[in-house]
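Below is one structure, written out as structure tokens, with a few remarks after it.
Quick note: the coordinates plus some simple rules give every number you see, no bench work behind them. Keep in mind the model is a prediction, meaning the values are calculated, not measured. Ideal geometry is used to build each Cβ from the backbone, glycine not excepted, and the neighbour counts take in all protein chains shown.
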Amino acid sequence: MDLLEATPQVDIDSTLRVILSDAIEALEGSAGVVASWNESGRRFVITHSQGLTPRALERLRPLLDEALPDLARSKRSFDLLSDLRANPLLPYSECGSPLNPFMVLPLQVGSKSVGLICVLRRQESAAFTGVDQPILDAFARQAAVAVYNAGIAQVLSEEKRKIETMFEGSAEGIISIDSQRRVVGLNKAMEKLIGHSREDIVGRPCHEVLELRDWQGESLCYSRCPMLRRPEKISTYETQGTIRTADGQDVDVAMVYSMAPSPSGHPSAVINIRDITRLREVERLRSTFLSMLGHELRTPLSLIKGYASTLSMGDGKLSQGAMRESLGVIEEECDRLTKLVNRLLLASQLESGMPVLHKEHVHLSSIAARVLRKIEPMAAGHNLVSDFSEGFPVLYLDPDLMEEVLTNLVENAVKYSPEGGRILVCGKVDRDIVEVSVSDEGIGVPLREMEQIFERFQRGDNKVVRRVRGMGLGLYICRYIVEAHGGSIHVTSQVGVGSKFTISLPLACSVMTEKDG
Ligand code: ADP
């Protein structure tokens with residue numbers, strides 16, 4: 001990224017070299033230096049020299065440190081030269097002859113001294129006179145401007161570096177657009193977000209790169225582009241929409257345009273872009289959840305209300321059978337509501353972090369038998385069977401959570417095989433994996449739904465599923481619990497023939513075989 005033009009440091013450097021060399025020549029000197037004033041160190045630092053050996057420069061340094069700061073700041077600098085002339089520390093030239101006549105002038109910018117320029121002659125040369133001073137003064141003025149510019153260039157380059165660090169380090173994507181709506185620059189986060197490298201897109205129209213659309217899929221890049229406004233001062237504009245990445249993916253984003261007016265009337269802009277896909281997903285889930293919950297609550301509540309009204313209006317004239325039936329429905333619906341609330345609580349518990357597993361040595365076949373006993377009364381048309389292989393190991397698991405998993409799977413097997421049929425809970429060991437499966441002869445799961453039914457609030461999309469009550473949380477909870485035990489769950493199925501949900505757990509969570517136990 002190049003936010004600022006490259007600073008002409010090299011030019012300033014060569015300008016100072018030329019000024020120094022011209023000053024030495026004009027004053028018939030044989031050496032010279034330019035030093036700049038370092039404010040933080042409060043000393044002069046030699047930046048350019050000519051005709052001086054490193055050793056000679058060394059000898060000059062104490063002079064700069066001690067005598068010359070005063071000299072450079074004095075308007076009467078020329079008068080002080082006689083004091084220096086006697087200084088035994090004065091340096092030697094590159095060819096070894098002592099440099100004695102010595103003239104130095106401050107580099108003044110306004111009232112500020114930004115450095116000094118110094119010309120030295122060989123000992124045998126004539127001393128500097130008042131005629132020489134205006135000559136060096138003319139060079140000093142040019143050098144002062146160059147040193148001053150070098151200082152500004154350094155500050156600018158430091159600021160540039162800071163801005164670039166901020167720009168590149170920002171976690172948000174930033175892209176800058178010129179008044180003709182072409183991409184000027186972008187940071188790393190932006191490259192990552194859109195999957196284009198800056199080489200690919202700098203100079204291209206931004207509508208080609210971002211393809212911004214609203215939530216209905218309508219383009220925002222033409223008639224509704226914020227950059228079509230003509231702001232009179234720097235102004236910001238926020239919008240949300242979908243952009244398309246290099247590999248054709250849609251990403252939901254929030255964008256803040258900071259627009260600056262330009263002479264053409266159309267603004268240039270820096271746009272901050274944040275990926276809000278996750279946020280929108282959470283919003284979507286929340287509204288799905290509320291509508292599912294509303295739906296799930298309405299049915300039992302209206303049944304309870306209806307039967308309770310019948311009971312209260314019957315005025316004691318209801319037959320025993322009708323009363324028993326009404327109370328039975330109320331009780332059943334209350335149980336259903338309790339189960340729903342428990343499932344919601346469990347899902348929220350699991351989501352708030354890894355569940356704490358209360359592990360014990362568990363006979364899964366006993367848990368399966370208990371689950372089947374519990375569900376049998378609700379599965380009149382089904383044949384519930386449990387088949388665990390001989391020597392099936394005792395496992396070290398959370399028994400309550402595992403019972404929840406098997407209950408969900410067997411209940412689903414019943415719910416989604418309305419014609420009845422056999423439901424088999426089977427346990428076996430395959431090499432170092434323990435497998436427990438629940439199979440049914442029900443409606444089956446279409447291939448396209450096999451992954452998504454394990455996600456929150458995802459239900460199959462067919463008539464039978466719609467007729468069956470559910471919130472799409474059971475399999476999500478199952479997967480969460482099984483994964484918390486280090487295992488996995490998957491489904492194999494054939495539509496209209498049946499489904500088999502298989503839990504695989506590492507044999508490592510076994511401790512001994514049931515026979516041993
Ligand atoms: P719910 O049963 O409340 O809808 P689940 O998370 O338990 O929620 O199941 C999600 C979806 O998976 C169901 O809506 C259904 O489409 C499908 N499904 C689950 N179990 C079976 C099964 N045994 N046979 C066919 N489809 C099933």
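With contacts taken as Cα pairs under 8 Å and at least 6 residues apart, the chain reaches a relative contact order of 8 percent. Charge dipole of the chain (Cα centre as origin; +1 on each Lys and Arg Cβ, -1 on each Asp and Glu Cβ, all else neutral): 1020 debye, rounded to the nearest 20.
For the chain, the residue among G444, M292, A138 whose Cα projects farthest onto the positive side of the dipole built from Cβ charges is M292. Stretched out straight at 0.36 nm per residue, the stretch from K374 to A138 would grow longer than its current Cα-Cα span by 74.5 nm. The residue among S302, N462, I433 whose Cα reaches farthest toward the positive pole of the charge dipole of the chain, with charges on the beta-carbon of Lys, Arg, Asp and Glu, is S302.
In plain terms, the chain is cut at each of the chymotrypsin sites (Phe, Trp or Tyr not before Pro) found in a DSSP loop with at most 13 other Cβ atoms within 10 Å, and the longest leftover piece is 223-517. Across the range 224-377, how many lysine pairs separated by 8 or more positions, or lying on different chains, have Cα atoms within less than 28 Å? Lysine pairs meeting both conditions in the range 224-377 amount to 6. Diffusion coefficient (Stokes-Einstein, Kirkwood radius over C-alpha pairs, 10 °C, 1.306 mPa s) for the range 281-431: 85 µm²/s, rounded to a whole number. Computed on the range 117-236, with alpha-carbon pairs under 8 angstrom and 6+ residues apart, the relative contact order is 13 percent. Restriction of the trypsin sites (Lys or Arg not before Pro) in the range 260-341 to DSSP coil positions whose beta-carbon has at most 16 other beta-carbons within 10 angstrom yields K317. Dividing the summed -39500 (n - 2.57) terms of all DSSP H runs of n ≥ 4 by the residue count of the chain sets its mean residue ellipticity at 222 nm at -13500 deg cm²/dmol. For the range 353-487, the share of DSSP beta bridges that are antiparallel, to the nearest 5, is 60%.
Can you tell me what share of the DSSP beta bridges in the chain is antiparallel? A percent to the nearest 5 is fine.
Details: 79 of 86 bridges.
Here the antiparallel bridges make up roughly 90 percent for the chain.
Express the relative contact order of the range 212-251 as a whole percentage, based on alpha carbon pairs under 8 Å and six or more residues apart in sequence. It rounds to 43 percent for the range 212-251. Which far-off residues, 5 or more places away or on another chain, put their amide H under 5 Å from the one on Q180, with H placed in the peptide plane? Counting only residues 5 or more places away or on other chains, the set is empty.
Sum up the charges of everything whose Cβ sits under 12 Å from the Cβ of C206, counting Lys and Arg as +1 and Asp and Glu as -1, but leave C206 out.
Numbers: positive: R181, R182, R204; negative: D178, E208, E211.
Net local charge, C206 excluded: 0.
Could you tell me which trypsin sites (Lys or Arg not before Pro) in the range 432-511 are loop residues by DSSP with no more than 15 other beta carbons within 10 angstrom of their beta carbon? Answer in residue order: R469.
Taking a Cβ cut-off of under 14 Å around P418, the surrounding Lys, Arg, Asp and Glu residues balance to a net charge of +1, with basic ones at +1 and acidic ones at -1. Among 239-247, 439-447, the peptide with the highest mean count of other Cβ atoms within 10 Å heads the list, and the full ranking is 439-447, 239-247.
If the chain linking V497 and S366 were pulled fully straight, counting 0.36 nm for each residue of separation and taking away their Cα-Cα distance, it would gain 44.3 nm. Here the translational diffusion coefficient of the range 146-240 follows from Stokes-Einstein with Rh set to the Kirkwood radius across Cα pairs; for 25 °C and 0.890 mPa s it amounts to 157 µm²/s. Loop-resident trypsin sites (Lys or Arg not before Pro) (DSSP state other than H, G, I, E or B) in the range 340-443 with no more than 12 further Cβ atoms inside 10 Å of their Cβ: R431.
How large is the convex hull of the C-alpha atoms of the chain per residue, in Å³?
Working: hull volume 156.8 nm³, N = 517.
In the chain, the Cα convex hull volume per residue is 303 Å³.
Rounded to the nearest 20, the size of the Cβ-charge dipole of the range 142-260 about its Cα centre is 380 debye, with Lys and Arg at +1 and Asp and Glu at -1.
For an R0 of 51 angstrom, estimate the FRET efficiency from the Cβ-Cβ distance between R224 and I152 and round to the nearest 0.05. In this case the efficiency is close to 0.75. Of all lysines in the structure, those lying under 16 Å Cα to Cα from K188, and not within fewer than 8 positions of it along the same chain, are K162.
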